[in-house]
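Let me begin by presenting the structure, written as structure tokens, before commenting on it.
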Amino acid sequence: MIAVSACLAGVPCRYDGGSNYCEAAGLRVALGEALCICPECLGGLSIPREPAEIVGGSAEDVLAGHARVLTKSGVDVTEAFVQGAYAALEFCKIHGIKEAILKAKSPSCGCGMIYDGTFSGHLIAGNGVAAALLRQNGIAVRAECG
């Protein structure tokens, strides 16, 4: 069993209320090979919600309390992102999940590349908060459908 970002399976849980349907991820869920997670929803964030990015450091810095996750208008949503990451980790532990396919570029699920915190569309090397926490706990994480 693996975990898949819920938006990749067609669940309308993106910040804008849409999804990022990926046929391969959706098929794995339909076949019972994957379970859906959305760390942002698990952290209590609404759908839709204002876009957010990691500011002032990396996801690892967020988890250590040294960087923040802010919305485009400057609202601090760090606590929700951290809570969601820990909830996703607990979900994976409960279900014996050792691998996750997550949404690229997301401040929660991004794997390898995320937005740079300026809301300008520029990408930098890094992971989202949930992806970083899952990796720190031995769960293999990779970006969507690639």
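Residues in the stretch 12-33 that are crowded, with 21+ Cβ neighbours inside 10 Å and either among the small types (Gly, Ala, Ser) or over 19 Å from Val141 (Cβ atoms) (or both): 1 in all. If you check Asp61, Asp76, Asp16 for being under 15 Å from Ala132 (Cα atoms), acidic (Asp, Glu), out of contact with any helix residue (DSSP H, G or I) (no Cβ under 8 Å at 6 or more places or on another chain) and free of Cβ contacts under 8 Å to residues at least 60 places away in the same chain, only one passes: Asp61. Evaluated against (1) open to solvent by less than 30 Å² (accessible area, probe 1.4 Å); (2) under 13 Å from Asn127 (Cα atoms); (3) of a type outside the set (Ser, Thr, Tyr), Leu89 falls short on exactly one condition, (2).
Among the residues of the stretch 19-47, those that are over 15 Å from Ala130 (Cα atoms) and in contact with a Cys (Cβ under 7 Å, 6 or more places away or on another chain) comprise Ser19, Asn20, Cys22, Ala24, Ala25, Val29, Ile47.
Close contacts from the stretch 47-58, counting a first residue that is without any contact (Cβ under 8 Å) to a residue 24 or more places away in the chain and a second that is buried (at least 18 other Cβ atoms within 10 Å of the Cβ), with Cβ to Cβ under 8 Å and a gap of 6+ residues or different chains, come to Gly57/Ala67.
I'd like the full set of residues that are open to solvent by less than 40 Å² (accessible area, probe 1.4 Å) and of a type outside the set (A, V, I, L, M, F, W, C), limited to the stretch 46-57.
Pass one, the stretch 46-57, residues open to solvent by less than 40 Å² (accessible area, probe 1.4 Å): 49, 52-54, 57.
Those that are open to solvent by less than 40 Å² (accessible area, probe 1.4 Å) and of a type outside the set (A, V, I, L, M, F, W, C): Arg49, Glu53, Gly57.
Tally up the residues in the stretch 58-68 that are touching an Asp or Glu at 6+ places or on another chain (Cβ under 7 Å) and open to solvent by less than 40 Å² (accessible area, probe 1.4 Å), please. Before you say what the answer is, go through the steps one by one.
Initial filter on the stretch 58-68 (touching an Asp or Glu at 6+ places or on another chain (Cβ under 7 Å)): 67-68.
From what's left, open to solvent by less than 40 Å² (accessible area, probe 1.4 Å): 67.
The qualifying residues number 1.
For the stretch 88-146, a residue qualifies if it is touching a residue at least 40 places away in the same chain (Cβ under 8 Å) and among the acidic types (Asp, Glu), and the qualifying residues are Glu99, Asp116, Glu144. Residues that are crowded, with 18+ Cβ neighbours inside 10 Å and under 14 Å from Tyr115 (Cβ atoms) within the stretch 72-86 comprise just one, Phe81.
The values are calculated or read from the model by the stated rules, or taken from the named source; none is laboratory data. Just so we're clear, the structure is a prediction, and the values are computed from it rather than from any experiment. Neighbour counts run over all protein chains shown; Cβ positions are idealised from the backbone, glycine included. Just so you know, the surface numbers come from the protein's heavy atoms only, side chains and all, with ligands and any DNA or RNA stripped out. Shrake-Rupley method; radii C 1.70, N 1.55, O 1.52, S 1.80 Å.
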